[in-house]
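Reading through the structure tokens given below for one structure.
The values are calculated or read from the model by the stated rules, or taken from the named source; none is laboratory data. Only a predicted model underlies this, so the values are computations on that prediction, with no experimental measurement involved. Neighbour counts run over all protein chains shown; Cβ positions are idealised from the backbone, glycine included. To get the accessible areas, we keep the full protein, side chains included, count just its heavy atoms, and leave off ligands, DNA and RNA. Shrake-Rupley method; radii C 1.70, N 1.55, O 1.52, S 1.80 Å.
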Amino acid sequence: MTLEKLIFYALSAVIIAAATMVITRRNPVHSALFLILAFVACSGIWLLAEAEFLAIVLVLVYVGAVMVLFLFVLMMLDIDIAVLRAGFIKMLPLGVVMAIAMAAELILIVGPDNFGLEKYAAPARHAADYSNTEELGSVLYTVYMYPFEIAAVILLVAIIAAIGLTMRKRPDTKYLDPANQVVVKREQRVRMVSMDAEKG
Amino acid sequence: MELFNSLWGALPAELQYLVWTLVKIVVIVLPLMLIVAYYTYAERKIIGYMQVRIGPNRVGPKGWLQPIADAVKLMFKEIVLPTKANKLLFVIAPVITLGPALAAWAVFPFDEELVLADINAGLLYILALTSVGVYGVIIAGWASNSKYAFLGALRSAAQIVSYEIAMGFALVGVLVAAGSLNLGDIVKAQEGGLFSWFWLPLLPLFGVYLISGVAETNRAPFDVAEGESEIVAGFHVEYSGMVFAVFFLAEYANMILISALTALMFMGGWLSPFHGWPLLGPLFDWVPGFFWLVIKTAFFMFLFLWFRATFPRYRYDQIMRLGWKVFIPITIVWIAVVGLAVVYQMPWWFD
């Protein structure tokens, strides 16, 4: 067994263990932390596959930003586990059927009939100066220009819609315009009063 | 020595490589830890003099042994675990902050050929690692089972995620200007004297990066995650002894990293400021590049301390406003400007 294979199996074991923990842990914060571990191990496997751009972006976007916000919300919510687990036995048969259906679909698609070394030859190794990032960029901005731009526009629409849904006038906030705060003059804040000294 | 050589030769090639890499890592990390120790000393001294007092001056001549005394003290203190704290996460959190701060140095070029891992996507690697460091703060705040620590963690999470965007965009400008993600190539793209470095054509991005760096390391005036006047000490309020020291180490290691990266990306890294100038250029040619890098890094490290001694803490809503409504628009506009300058090969920098 080569070192590479060893690393691959170690990372895969970590991913499977972490993914199992994600759905079995009682505390949702622990689940989120295990999900982060799974992401990091995934990016390790992508590095092995010489997809260093995707690997680093997975850490940068999902681990560095998305999961931080996830944790942010999860930690603030007071989730009652008992309520979440209430219908477990009742829903179990339906869940088992769904799980079997999903597994069967997955095996049909990525099973030995469609995948394997005889169907797809192992890709050639690239030289050390091969830049995965450059390659991706040049394809993305030439061949797949329109799909890329359309996806970007859809995302922009989604952002604007999200802001539009949450934006509302709140007259009760004590928000001050920083520009007004900066130009404030002494006369607007301080009133000089001359008083006679009290006798006592 | 001969025995050592024969022993070394007997090792398999992979093991030799592994041992050699470990030695290189130690050569980078040990001086870094020493610099961190004396950075804390410098901070107390410099802020002391700025506030017209002397600072530490009792332990050793002029207080030089103060950081050693601090380290010894922290090592022998008890580590208090709060009741109902999540013990594993509580102890692991400082390690998560320190790890990325050290790992980022792997791709850092100290001189033209002096780099541990000369990888193509160095800039992306650094961005990814600096974004992972926030977990230490969040996990520490949550695992402490304390209201103050939790508030600090929430503040820090929101702040770091916001400023990371501005920081990332500033670096996008750098990579557009340099045309490479490799840190060594970014420095080489700035070849020339003081005015060829990226700080001039990328001046707005330089400012945004420097200020976002201060925010990203949770330093004053952006230290609301600690906010000792409001939430005691924020996310590390429950930490004591060595686990606290690791948080402390990570904060200073991060400051050094951001300073060094600023020097690298906007100030020409190891390049001499007089490179290619008549008269002065040849006069300073003998100076090793590492020396220039150290001077530039030290300047930005000094700025961190200067900021802390000068500015009052930002209010939280103002921090958010600065990040989202000021910095991000600035960076987006300037990326467009840099893009045009590169496409039309603006003279002096991009021709």
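To keep it simple, each residue is scored yes or no on (1) free of Cβ contacts under 8 Å to residues at least 12 places away in the same chain; (2) aliphatic (A, V, I, L, M); (3) within 14 Å of chain A (Cβ to nearest Cβ); (4) open to solvent by less than 40 Å² (accessible area, probe 1.4 Å).
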{"residue": "B:MET167", "(1), (2), (3), (4)": "no, yes, yes, yes"}
{"residue": "B:ALA178", "(1), (2), (3), (4)": "no, yes, yes, yes"}
{"residue": "B:ASP185", "(1), (2), (3), (4)": "yes, no, yes, no"}
{"residue": "B:LEU194", "(1), (2), (3), (4)": "no, yes, no, no"}
{"residue": "B:VAL208", "(1), (2), (3), (4)": "no, yes, no, yes"}
{"residue": "B:ARG219", "(1), (2), (3), (4)": "no, no, no, yes"}
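Conditions tested, residue by residue: (1) exposed (fewer than 13 other Cβ atoms within 10 Å of the Cβ); (2) over 23 Å from B:ARG155 (Cβ atoms).
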position: B:LEU271; (1), (2): no, yes
position: B:PHE274; (1), (2): no, yes
position: B:PHE284; (1), (2): no, yes
position: B:THR297; (1), (2): no, yes
position: B:PHE311; (1), (2): yes, no
position: B:TYR314; (1), (2): no, no
position: B:LEU322; (1), (2): no, no
position: B:PRO329; (1), (2): yes, yes
position: B:ALA341; (1), (2): no, yes
Filter pass, B:TYR135 being under 18 Å from B:ASN218 (Cα atoms), surrounded by fewer than 22 Cβ atoms within 10 Å (Cβ to Cβ), touching a residue at least 24 places away in the same chain (Cβ under 8 Å) and in contact with a helix residue (DSSP H, G or I) (Cβ under 6 Å, 6 or more places away or on another chain)
no
Please enumerate the residues belonging to segment A:32-49 that are surrounded by fewer than 16 Cβ atoms within 10 Å (Cβ to Cβ) and modelled with pLDDT of 85 or more.
A:LEU48
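Name the single residue that is nearest to A:ASN132 (Cα to Cα) among those in segment A:50-81 being open to solvent by 70 Å² or more (accessible area, probe 1.4 Å) and more than 9 Å from chain B (Cβ to nearest Cβ). Spell out how you get there, then give the answer.
To start, the set of residues in segment A:50-81 that are open to solvent by 70 Å² or more (accessible area, probe 1.4 Å) comprises A:54, A:62, A:69-70, A:73, A:76-78, A:80.
From the residues that got through so far, the ones that are more than 9 Å from chain B (Cβ to nearest Cβ) too are A:54, A:62, A:70, A:73, A:77-78, A:80.
Numbers: A:LEU54: 9, A:TYR62: 20, A:PHE70: 30, A:VAL73: 35, A:LEU77: 40, A:ASP78: 43, A:ASP80: 45 Å.
Among those that are open to solvent by 70 Å² or more (accessible area, probe 1.4 Å) and more than 9 Å from chain B (Cβ to nearest Cβ), it is A:LEU54.
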Which condition does B:ILE138 not pass, out of (1) at pLDDT below 85; (2) touching a Ser or Thr at 6+ places or on another chain (Cβ under 9 Å), if it passes all the others?
(1)
Looking for whichever is open to solvent by 90 Å² or more (accessible area, probe 1.4 Å) and within 25 Å of B:ILE138 (Cα to Cα) here; the options are B:LEU88, B:LEU81, B:LEU74, B:LEU30. Which one fits?
B:LEU88
Residue check for B:VAL214: assigned to a helix (DSSP H, G or I) and of a type in the set (Val, Ile, Thr)
yes
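Would you check which residues across segment B:91-131 are of a type outside the set (Ser, Thr, Tyr), within 22 Å of A:LEU37 (Cβ to Cβ) and crowded, with 22+ Cβ neighbours inside 10 Å and list them? Before you say what the answer is, go through the steps one by one.
We begin by selecting, within segment B:91-131, every residue of a type outside the set (Ser, Thr, Tyr); these are B:91-96, B:98-124, B:126-129.
Subset that is within 22 Å of A:LEU37 (Cβ to Cβ): B:91-96, B:98-104, B:106, B:124, B:126-129.
Passing the criteria: B:ALA93, B:PRO94, B:PRO100, B:ALA101, B:ALA104, B:LEU124, B:ILE126, B:LEU127, B:ALA128, B:LEU129.
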Looking at segment B:39-47, is at least one residue out of contact with any Cys (no Cβ under 9 Å at 6 or more places or on another chain), over 30 Å from B:ILE119 (Cα atoms) and open to solvent by 70 Å² or more (accessible area, probe 1.4 Å)?
yes
